[in-house]
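All remarks here apply to the structure that follows.
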Amino acid sequence: MDRLIIAGGRPLEGEIGVSGAKNAALPILCSALLSAEPLTVARVPQLRDVTTLLRLLKGMGVEVETEGDKVRLAAPNTLEPVASYDLVKTMRASILVLGPLLARFGHARVSLPGGCAIGERPVDLHLKGLQAMGAQLAVEHGYIVATAGRLQGTHIFMDTVTVTGTENLMMAATLAEGITVLENAAREPEVVDLAQCLVGMGARITGHGTDVITVKGVPALHGTAHSVMPDRIETGTFLVAAAATGGHVRVTGVRPRTLDAVLDKLREANAKVECGTDDIRLTMRGANHGVSLRTAPYPAFPTDMQAQFMAMNAVAQGTTVITETIFENRFMHVQELRRLGANIEVEGNAAIIRGVQGLDGATVMATDLRASASLVIAGLIARGETIIDRIYHLDRGYERLEHKLRELGAEVRRDHAGAIE
Ligand code: EPZ
């Protein structure tokens, strides 16, 4: 099982580019199911989750060709709309095939995604919305068995803001009869990127990026070519790592406006942050003040950046509080950060972080994707050597992270279960 070995205590310095956004690429790849014509997607990050999804799509009969960061997909009419448990259990976002399969083929059999480390993560709002559009759904032996004639447009209110729920229903609505209104829709930039791809395929969508999305169904969609937006969470992760190590970095090929809440918190932590049209430059002005924050749906502070800020706060001046309002168990990194010397108490959905002088390297274990990123940042801060086990969690969402960190001067290497790279 791969692990990362980090010699910490050095500031990150230099320039780095980011990959395409995992959380935009996944729904966009699923949208290929909506048309028999080819969809070409550029800037697809080479990640475990993407590989898993492409295996799932191929297993159904989708033609998939990859060339570097470009993927060409074509979903024939003869496709077998089944998503099996063995793949779905490893990647929850597989639920995103359900809406497109139902809309295009009128039936689907998709394994219920299990829970995961950060929370139960139900899909009830996905199912409720599809039922409102006329689908018949049953759960049989852990599978969602869905059938529908042509889906019918309708007004859907989602009582919890759900990113993939919004994406699933938006995709389903593109081929439904009539107009669908999604109220209390997710406003994340990844939802907007998916909508722009769907519009490129001939979908009639307005309101994406706001909390009311309107979709006018069309009989069929055609192919298109789309380039995935840059990954705002990877961008934020590099910026926090630079701030936490007292460094100076320039992150290129990004969309600064998708990170307003994160940049605001970095400035509050005493970083100098300057934005160009597609780059962000960060310099730590001096002591790290740390920041209290509360996660919430976009455009508020993203839950996917919470763990990274906790690592920075661990060595900040004073006491800070991080409140997690999206997932019920997204503090798995706390006990691992404590092993490195952090002083953190958890009370319900709040973590109280008392800044310490410094952290000391230790062996720690990754538990979920963003917790892994938090441990990498802590390892970069800590004196001495930090070993992070189970970094397959990290590989789900970060492409070639150790290579990119080395470009910023970090001393980090991957150990393939004993063969040190
Ligand atoms: C997406 O997950 C992202 N994943 C997550 O990123 C991200 O943390 C999350 O949105 C929140 O921003 C992808 O886009 C592939 P939700 P998603 O549905 O869609 C509850 C990462 O690190 N809920 O917005 O699964 C749910 O339990 C990953 O890249 C219901 O109750 O999250 C949660 O409390 C982790 N019923 C809240 O809504 C539903 O039917 C938000 O979940 C759906 C969700």
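Points worth noting:
- Cβ-based net charge around residue 77, under 13 Å, with every Lys or Arg adding one and every Asp or Glu removing one: -2
- Computed E for residue 140/residue 285 - FRET, C-beta separation, R0 51 angstrom, nearest 0.05: 0.30
- Nonlocal amide H pairs with residue 143, under 5 Å, H built at 1.01 Å: 112
- Taking 7 Å steps out from each Cα toward its Cβ at residue 147 and residue 417 produces label points 4.5 nm apart.
- Between region 336-365 and region 262-310, the alpha-carbon center distance in angstrom: 19 Å
- Inter-site label distance for residue 89 and residue 328 at 7 Å from Cα along Cβ, in nm: 2.2 nm
- Rounded to 5, the percent of DSSP beta bridges in the chain classed as antiparallel: 75 percent
- Whole-Hz ³J(HN,Hα) from phi, Karplus 6.51 cos²θ - 1.76 cosθ + 1.60, for region 63-71, glycine and proline x: 7, 10, 10, 10, 9, x, 9, 9, 10
- Nearest-20 debye value, the chain charge dipole, Cβ charges on Lys, Arg, Asp, Glu: 200 debye
- Per-residue ³J(HN,Hα) for region 309-326, Karplus 6.51 cos²θ - 1.76 cosθ + 1.60, θ = phi - 60°, Hz, x for Gly and Pro: 5, 5, 5, 5, 5, 4, 10, 7, 6, x, 10, 10, 10, 10, 10, 9, 9, 8
- Check: region 231-327 dipole with +1 on Lys, Arg Cβ and -1 on Asp, Glu Cβ, in debye: 240 debye
- Gyration tensor verdict on region 370-421 (Cα atoms; rounded if a/c is under 1.5, prolate if a/b is larger than b/c, oblate otherwise): rounded
- Compared with the alpha-carbon gap, the fully stretched path from residue 63 to residue 42 is longer by 5.9 nm at 0.36 nm per residue.
- Simple point charges give the picture: +1 on the Cβ of Lys and Arg, -1 on the Cβ of Asp and Glu, and for region 8-71 a dipole about the Cα centre of about 240 debye.
- Extended-chain gain in nm, criterion 0.36 nm per residue less alpha-carbon gap, residue 70 and residue 220: 51.6 nm
- Taking amide H positions as modeled 1.01 Å from N, with prolines and chain starts lacking one, the residues under 5 Å from residue 364 and 5 or more places away or on another chain are 387, 388, 389.
- Local charge for residue 244 was computed over the other residues whose Cβ lies under 13 Å away, with Lys and Arg +1 and Asp and Glu -1, and equals +2.
- Once backbone amide H atoms are built at 1.01 Å from N, residue 162 has 186 as its partners under 5 Å, excluding neighbours fewer than 5 places away on the same chain.
- Distance (nanometres) between label positions extended 7 Å along Cα→Cβ at residue 319 and residue 363: 3.5 nm
- In order through region 158-170: 3J(HN,Hα) via Karplus (6.51 cos²θ - 1.76 cosθ + 1.60), integer Hz, x for Gly, Pro: 9, 6, 10, 5, 10, 5, 6, x, 4, 5, 4, 6, 5
- Counted charge near residue 283, where neighbours are those whose Cβ lies closer than 11 Å (Asp, Glu -1; Lys, Arg +1): +2
- The chain - mean residue ellipticity at 222 nm from DSSP helices (-39,500 (n - 2.57) per run, n ≥ 4, rounded to 500): -8500 deg cm²/dmol
- Selected from 409, 284, 307, residue furthest toward positive end of dipole (the chain; charges at beta carbon): 284
- Sorted by Cβ neighbour density within 10 Å, fewest at the top, the residues 292, 94, 374: 292, 94, 374
- Cα-based shape type of region 263-352, given that a ≥ b ≥ c are square roots of the gyration tensor eigenvalues and the cut on a/c is 1.5: oblate
- When 363, 52 are sorted by how many other C-beta atoms sit within 10 angstrom of their C-beta, beginning with the fewest, the order is 363, 52.
Each reported figure results from applying straightforward, stated rules to the coordinates on display, with no laboratory input. Predicted model only: the values in this text are computed from it and were never measured. Backbone-built Cβ (ideal geometry, glycine too); neighbour counts: all protein chains shown.
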